[in-house]
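Undergrad: Below you'll find the structure I mean.
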Amino acid sequence: MDFRISADDRVGAQPNKGGKPQATARGKGQRVEPSMGHSVGVFVDDERSGGAPPPSGPKGKAPKPPRRGKAQPARGKKPKRRGGFLMGLLWWGFVGALWAGIAVIGVVVYYGAQLPSSNTWAIPDRPPNIRILAADGSLISNRGATGGEAITYRELPYYVPAAIIASEDRRYMSHFGVDPLGLISVAIESVQAGDVTRGASTITQQVAKNLFLTPDQTLGRKVQEAILAVWLEQNYTKEEILELYMNRVYFGAGATGIEAAAQTYFGVSARNLSLGQAAMLAGILPAPSAYNPKSNPERAIERQRLSLNAMARDGYITAEEAAAAQIDPSQSVRTRVAGSEDYVADWVESLMTAYLGEIKTDVVVQTTIDFKMQKDAEFIVKEMVASEGPKRGFNQGALVAMDVDGTVRAMVGGVDYQASQYNRAVTAKRQPGSTFKPFVYMAAMEKGYTPDTLAEDAKFTYNGWSPGNASGKYAGTVTLRQGLAYSLNTIAARLAIDVTPQAVIDVATRMGISSPLQPVPSIALGTQEVNLLELTSAYAPFANGGMGVIPNVITSIQAKDGTVLYQASDAGPGRVIDPNVLAEMNDMLETAVEVGTGKGANLNGWQFGGKTGTSQEAKDALFVGYTAAMVTGVWLGNDDATETTLSGGNVPAAIWSEFMTKAHAGKQIAQIPGGSYEGQLVAQPVIDPATGQAAIDPATGQPMTQYVDAGTGQPVQTMVDPATGQLMKLDPTTGQYVAANALTANQPIQTGQMVDNAGLPAGGVIVDANGVQIDPATGMPIQQIDPATGLPVANTGGMLVDANGVQIDPATGMPVGQVVGGNQVIQPGQAIDPVTGFPLQAQTTGVGQAPIDPNTGLPMMLVIDPATGQQVWVPSAPAQQQQIQPPANLGQPVPIENENSQRTLMDLIFGGDQN
């Protein structure tokens with residue numbers, strides 16, 4: 001464009017007054033020609049300066065020029081800045097973040113201040129575990145608050161912790177206790193889903209929550225959880241934290257910790273988990289009650305698939321391994337079924353306080369349970385209940401089996417532990433029925449009756465009580481042997497009335513019944529409740545030669561480091577049955593299984609005895625039987641005590657027979673103790689009739705002792721070989737002295753006593769069960785006797801104690817205050833009957849202890865001889881056959897001469913299915 005400048009436009013020129021046109025105002029939209037301003041450096045473009053030239057003055061006068069050096073500000077528009085919105089956003093974001101950070105710090109400080117001082121933080125001890133083992137060392141179960149022992153990280157297959165990390169906290173190995181990325185991811189997912197989709201706690205946070213905090217879902221708890229998680233990460237390694245988590249996290253079904261979960265669901269140790277099992281356990285953790293394979297196997301399979309896929313995603317396993325480990329949804333999950341051994345575990349756990357007091361550390365309990373016998377017993381009881389229960393109206397059963405020394409080998413507390421944990425062998429108390437009758441008959445035998453004593457089987461009434469036989473039939477005159485074999489209620493009732501109910505209680509207590517009993521005549525019929533364990537153990541003395549037992553299931557208890565906390569001993573009540581009474585009882589109880597109500601029981605090749613029992617309305621049916629090797633009791637019935645069609649001689653006897661046949665497989669056949677006590681010597685102190693005290697040999701100052709034949713009760717002439725110190729006895733057939741053991745081939749050996757090849761105690765020193773040294777010549781504790789007084793010399797040590805620290809009465813060699821026979825307490829200075837092991841009862845005349853009648857083995861009694869007026873010792877009970885007189889006038893019994901015809905007659909009257 002061509003610019004032309006006129007003279008008027010030059011700098012300093014005057015305005016044209018000669019008619020040159022003046023500039024006029026322009027309307028909006030008119031073209032503006034470019035021109036130069038009046039002053040160089042003052043012109044600026046409207047766009048750049050932001051303003052327009054000032055308008056012309058009035059009447060065509062030129063406007064006043066602006067002052068130099070000052071530009072007029074723009075009006076009506078603001079300057080435009082590039083990127084202003086983004087910079088503002090960043091600025092305010094920074095300010096907001098700063099304030100948010102301050103707020104977070106304030107919250108952390110506030111809730112952190114509510115925690116104890118960090119120098120007091122420590123990992124709390126894990127609740128102690130009770131690891132219960134069978135006799136062969138195999139695991140029965142774990143008991144305690146967790147249900148499983150702690151296991152170390154390095155004991156596990158690599159894929160067990162990998163499954164947990166992949167499923168629960170994939171960035172576990174890299175975060176500092178709190179996972180910010182995980183928090184953001186959960187927030188985004190929750191916003192998209194419109195609800196909380198999953199938790200954002202890391203494994204470390206879960207450990208912190210489980211160890212230190214309550215499960216409350218509050219802001220304060222979450223903040224404290226994060227603080228504690230950071231502290232854990234700073235003080236423990238990742239392996240240690242993961243080990244804490246795996247041992248303390250809950251897996252459902254009462255299992256806390258990976259070991260408990262593995263045992264509960266799969267019956268294996270966590271050390272032996274498969275890949276698929278490990279993935280399934282990891283999948284349980286978000287919701288243990290809903291995802292565990294016992295309660296919801298379909299969900300458990302789906303959770304297993306997700307865990308395996310997560311492991312493959314994170315590179316712990318390959319996709320092929322994941323596919324191979326998955327369970328097909330159409331398949332069922334094979335989980336462990338709780339067995340009858342759990343009844344044993346519960347029983348053992350209940351004994352821990354009595355054995356150890358409060359348990360503060362993990363312990364290992366070695367039990368006496370034979371695992372094969374246990375599973376055999378479980379199978380037999382289950383099968384019989386399943387097959388016979390619907391027909392006979394019962395649905396429960398229990399079994400207890402023990403060695404003759406009280407060592408429990410098997411115990412079934414019910415048919416299905418998973419359905420009912422109630423232990424019907426230990427906890428339940430039911431009427432034993434006729435299985436209680438042997439204690440009634442034993443009291444009668446101790447009074448002097450024999451198996452051949454006659455009694456009347458007929459109805460009678462005693463103080464308003466009218467016992468009757470279950471069959472409603474009566475046989476008239478019978479022997480006591482028949483009365484027990486055929487379980488005649490009237491005979492047992494007459495005996496209980498005759499000997500007194502209290503005498504029956506004394507016998508039952510001495511034999512091992514510990515439940516409280518009331519002295520009423522109906523006790524003879526087994527109407528008072530006992531548990532199966534004590535009832536079975538009370539039959540053990542019949543099987544072992546007359547020694548009382550305490551049922552025992554625990555061999556030893558050790559701490560995890562091997563420290564022995566408890567060790568079982570062989571100590572027991574000692575002899576509770578006189579040998580002659582034992583022979584009579586075994587004779588009758590053998591008859592009961594040969595031809596009586598128990599003839600449904602059988603055990604090929606083994607001699608055995610036993611008794612059936614059926615309570616009123618057949619609510620309970622029992623059979624308890626024994627051999628020389630084992631005692632077993634069986635109970636069947638219903639928990640609600642409803643009526644059945646059972647009897648002790650049918651299904652219970654069948655279960656007993658099947659189990660005992662399996663239990664005796666491979667054992668050497670032995671005979672139960674019977675009447676073969678002839679030739680066995682029993683030491684007795686010679687009693688001075690003038691003082692009632694042990695007679696003292698003036699030559700030695702020692703108590704005088706005589707030996708009697710246990711079979712005949714007759715004194716035996718003995719001597720001590722001066723060369724060997726061995727006890728010798730006179731052989732009546734040759735007139736020569738022989739070793740005392742020469743005619744005692746059937747001599748019972750005391751529990752825990754070692755013997756040499758000759759059958760005598762080994763080691764040269766004889767000690768009793770309490771560790772007290774015994775004089776082999778006298779059978780009495782070795783002690784010094786004062787010849788002047790005939791009393792033991794005072795112990796220079798202040799008192800005599802045995803190896804267990806129990807105070808011993810030096811006059812008797814027995815523990816002071818020891819309970820014998822239920823309610824008999826040995827007091828200091830009280831003499832002991834060496835035949836029965838019981839304290840000699842003081843006579844009411846005050847003359848002293850009674851000597852033993854060699855014909856009956858019972859204490860003699862003092863009477864006044866009418867001819868001389870002097871006190872003399874006479875037998876306390878007749879030794880010959882005694883007939884029981886009925887309490888009511890029921891007629892005189894007629895003796896039956898032929899024993900075989902008696903049994904045949906009873907079979908004809910009663911058949912074989914009695915109680």
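Undergrad: Against the condition of a type in the set (S, T, N, Q) and in contact with a Phe, Trp or Tyr (Cβ under 9 Å, 6 or more places away or on another chain), how does Gln431 come out, does it pass?
TA: The answer is no for Gln431.
Undergrad: Looking only at region 446-461, filter to residues that are on the phi < 0 side of the Ramachandran plot and within 46 Å of the chain's Cα centre (by Cα); which one of those is surrounded by the fewest Cβ atoms within 10 Å (Cβ to Cβ)?
TA: In the first step, residues of region 446-461 are kept if they are on the phi < 0 side of the Ramachandran plot; the result is 446-447, 449-461.
When the remaining residues are screened for being within 46 Å of the chain's Cα centre (by Cα), the result is 446-447, 449-451.
Working: Glu446: 22, Lys447: 18, Tyr449: 24, Thr450: 20, Pro451: 21.
Looking at the filtered set, the residue picked out is Lys447.
Undergrad: Sticking with this structure for a sec: Taking into account only those residues within region 588-603 that are among the β-branched types (Val, Ile, Thr) and surrounded by fewer than 24 Cβ atoms within 10 Å (Cβ to Cβ), which is nearest to Pro438 (Cα to Cα)?
TA: Applying the first criterion (among the β-branched types (Val, Ile, Thr)) to region 588-603 yields 591, 593, 595, 597.
Checking the rest, the ones that are also surrounded by fewer than 24 Cβ atoms within 10 Å (Cβ to Cβ) come to 591, 595.
Working: Thr591: 12, Val595: 17 Å.
That would be Thr591.
Undergrad: Of everything in region 604-614 that's more than 15 Å from Phe659 (Cα to Cα) and not small (Gly, Ala, Ser), which residue is surrounded by the fewest Cβ atoms within 10 Å (Cβ to Cβ)?
TA: Filtering region 604-614 for residues that are more than 15 Å from Phe659 (Cα to Cα) and not small (Gly, Ala, Ser), the one surrounded by the fewest Cβ atoms within 10 Å (Cβ to Cβ) comes out as Gln607.
Undergrad: If we only count helices (runs of 4 or more DSSP H) wholly inside region 290-395, which ones have 1 or more residues that are within 30 Å of Ile164 (Cβ to Cβ)? Spell out how you get there, then give the answer.
TA: Values: elements: 297-313, 319-325, 341-356, 371-392.
Counting at least 1 such residues, we get 297-313, 319-325, 341-356.
Undergrad: Okay, next question. Of all residues in region 139-182, which are loosely packed, with under 14 Cβ neighbours inside 10 Å and not charged (D, E, K, R)?
TA: Scanning region 139-182 gives Ala145, Thr152, Tyr158, Met173, Ser174, Phe176, Pro180, Leu181.
Undergrad: Is there a residue in region 575-587 that is within 32 Å of the chain's Cα centre (by Cα), open to solvent by 10 Å² or more (accessible area, probe 1.4 Å) and not hydroxyl-bearing (Ser, Thr, Tyr)? Can you show your working first?
TA: Step one: list which residues in region 575-587 are within 32 Å of the chain's Cα centre (by Cα), which gives 575-576.
Right, trim to open to solvent by 10 Å² or more (accessible area, probe 1.4 Å) and you get 575.
Pick out the ones that are also not hydroxyl-bearing (Ser, Thr, Tyr) and you get 575.
Within region 575-587 (the criterion being within 32 Å of the chain's Cα centre (by Cα), open to solvent by 10 Å² or more (accessible area, probe 1.4 Å) and not hydroxyl-bearing (Ser, Thr, Tyr)), the answer is yes, since at least one residue qualifies.
Undergrad: Also, I was wondering about something else. Suppose the filter is charged (D, E, K, R), open to solvent by 70 Å² or more (accessible area, probe 1.4 Å) and touching a residue at least 24 places away in the same chain (Cβ under 8 Å); does Glu341 pass it?
TA: no
Undergrad: Is it the case that some residue within region 385-393 is touching a strand residue (DSSP E or B) at 6+ places or on another chain (Cβ under 8 Å), surrounded by 18 or more Cβ atoms within 10 Å (Cβ to Cβ) and modelled with pLDDT of 95 or more? Spell out how you get there, then give the answer.
TA: Kept after step one, since they are touching a strand residue (DSSP E or B) at 6+ places or on another chain (Cβ under 8 Å), are these residues of region 385-393: 385.
Subsequent filtering for residues that are surrounded by 18 or more Cβ atoms within 10 Å (Cβ to Cβ) retains 385.
Okay, now just the ones that are also modelled with pLDDT of 95 or more, so 385.
Within region 385-393 (the criterion being touching a strand residue (DSSP E or B) at 6+ places or on another chain (Cβ under 8 Å), surrounded by 18 or more Cβ atoms within 10 Å (Cβ to Cβ) and modelled with pLDDT of 95 or more), the answer is yes, since at least one residue qualifies.
Undergrad: Go through region 244-260 residue by residue and tally those that are within 14 Å of Asn129 (Cα to Cα) and among the small types (Gly, Ala, Ser).
TA: We begin by selecting, within region 244-260, every residue within 14 Å of Asn129 (Cα to Cα); these are 247-248, 254-260.
So of that shortlist, the ones also among the small types (Gly, Ala, Ser) come out as 254-255, 257, 260.
The total comes to 4.
Undergrad: Pick from region 288-302 the residues that are of a type in the set (A, V, I, L, M, F, W, C) and open to solvent by less than 30 Å² (accessible area, probe 1.4 Å): which of them is farthest from Glu149 (Cα to Cα)?
TA: Narrowing region 288-302 to residues of a type in the set (A, V, I, L, M, F, W, C): 290, 300-301.
Still in the list and also open to solvent by less than 30 Å² (accessible area, probe 1.4 Å): 300-301.
On the way: Ala300: 24, Ile301: 26 Å.
In this case the residue turns out to be Ile301.
Undergrad: Then there is this: Just to be sure, is Val207 among the aliphatic types (A, V, I, L, M), at pLDDT 80 or above, within 26 Å of Trp121 (Cα to Cα) and part of a loop (DSSP other than H, G, I, E, B)? Full working, then the answer.
TA: Details: among the aliphatic types (A, V, I, L, M): yes; at pLDDT 80 or above: yes; within 26 Å of Trp121 (Cα to Cα): yes; part of a loop (DSSP other than H, G, I, E, B): no.
Spelling it out, it is not the case that Val207 is among the aliphatic types (A, V, I, L, M), at pLDDT 80 or above, within 26 Å of Trp121 (Cα to Cα) and part of a loop (DSSP other than H, G, I, E, B).
Undergrad: If you don't mind, another one. Anything in region 495-525 that is among the aliphatic types (A, V, I, L, M), within 12 Å of Glu446 (Cβ to Cβ) and either modelled with pLDDT under 95 or buried (at least 21 other Cβ atoms within 10 Å of the Cβ) (or both)? List them, or say none. I'd like the intermediate steps shown before the answer.
TA: Taking region 495-525 and keeping what is among the aliphatic types (A, V, I, L, M), we get 495-497, 499, 503-505, 507-508, 511, 513, 517, 520, 523-525.
Among the residues that remain, those that are also within 12 Å of Glu446 (Cβ to Cβ) are: 495, 499, 503-504, 507, 511.
Scanning region 495-525 gives Leu495, Val499, Val504, Val507, Met511.
Undergrad: A further question on this structure: Out of everything in region 649-686 that is buried (at least 18 other Cβ atoms within 10 Å of the Cβ) and within 21 Å of Val716 (Cα to Cα), what residue ends up being modelled with the highest pLDDT?
TA: Filtering first and then ranking leaves Pro685.
Undergrad: Between a residue in region 216-236 that is more than 18 Å from Asp179 (Cβ to Cβ) and any residue that is among the charged types (D, E, K, R) and at pLDDT 75 or above, which pairs come within a Cβ distance under 6 Å, given they are 6 or more apart or on different chains?
TA: Pairs found: none.
Undergrad: So which residues in region 435-451 are in a loop (DSSP other than H, G, I, E, B) and either in contact with a helix residue (DSSP H, G or I) (Cβ under 7 Å, 6 or more places away or on another chain) or among the β-branched types (Val, Ile, Thr) (or both)? Step through it out loud before you land on a result.
TA: Here is the first cut: in region 435-451, the ones in a loop (DSSP other than H, G, I, E, B) are 448-451.
Tyr449, Thr450, Pro451, listed by residue number.
Undergrad: For region 213-266, give me each residue that is open to solvent by less than 10 Å² (accessible area, probe 1.4 Å), assigned to a loop (DSSP other than H, G, I, E, B) and of a type outside the set (A, V, I, L, M, F, W, C).
TA: Gly252, Gly257
Undergrad: Name the single residue, out of those in region 344-353 being within 8 Å of the chain's Cα centre (by Cα) and aliphatic (A, V, I, L, M), that is most open to solvent (accessible area, probe 1.4 Å). Give the steps one after another, and end with the answer.
TA: Narrowing region 344-353 to residues within 8 Å of the chain's Cα centre (by Cα): 344-351.
Now narrow it down to the ones that are aliphatic (A, V, I, L, M): 344-345, 348, 351.
Values: Val344: 1, Ala345: 0, Val348: 0, Leu351: 40 Å².
Once the filter is applied, the top-ranked residue is Leu351.
Undergrad: Sticking with this structure for a sec: Determine whether region 641-648 contains at least one residue that is open to solvent by less than 10 Å² (accessible area, probe 1.4 Å), in contact (Cβ under 8 Å) with a residue 12 or more places away in the chain and within 29 Å of Gly546 (Cβ to Cβ).
TA: Yes: region 641-648 contains one or more residues that are open to solvent by less than 10 Å² (accessible area, probe 1.4 Å), in contact (Cβ under 8 Å) with a residue 12 or more places away in the chain and within 29 Å of Gly546 (Cβ to Cβ).
Undergrad: Being within 15 Å of Gln366 (Cβ to Cβ), part of a loop (DSSP other than H, G, I, E, B) and open to solvent by less than 30 Å² (accessible area, probe 1.4 Å) is the filter here, so list the residues in region 547-565 that pass it.
TA: Val553 - this is the single residue of region 547-565 that is within 15 Å of Gln366 (Cβ to Cβ), part of a loop (DSSP other than H, G, I, E, B) and open to solvent by less than 30 Å² (accessible area, probe 1.4 Å).
Undergrad: Right, here's the next one. So in region 615-640, with the set limited to residues that are surrounded by fewer than 24 Cβ atoms within 10 Å (Cβ to Cβ), touching a residue at least 60 places away in the same chain (Cβ under 8 Å) and more than 18 Å from Glu590 (Cβ to Cβ), which one is nearest to the chain's Cα centre (by Cα)?
TA: Asp639
For every residue, the table says whether it meets (1) under 18 Å from Ala425 (Cα atoms); (2) part of a strand (DSSP E or B); (3) in contact with a Leu (Cβ under 8 Å, 6 or more places away or on another chain).
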| site | (1), (2), (3) |
| --- | --- |
| Gly596 | no, no, yes |
| Ala621 | yes, yes, yes |
| Gly633 | yes, yes, yes |
| Thr645 | no, no, no |
| Ala653 | yes, no, no |
| Trp656 | yes, no, no |
| Met660 | yes, no, yes |
| Gln671 | no, no, no |
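The values are calculated or read from the model by the stated rules, or taken from the named source; none is laboratory data. It should be emphasised that the depicted structure is a prediction, and the values quoted were computed from it without experimental measurement. In this analysis, Cβ positions are derived from the backbone assuming ideal geometry, glycine residues included, and neighbour counts consider all displayed protein chains. In case anyone asks, the SASA skips ligands and DNA or RNA and just uses the protein heavy atoms, side chains included. Shrake-Rupley method; radii C 1.70, N 1.55, O 1.52, S 1.80 Å.
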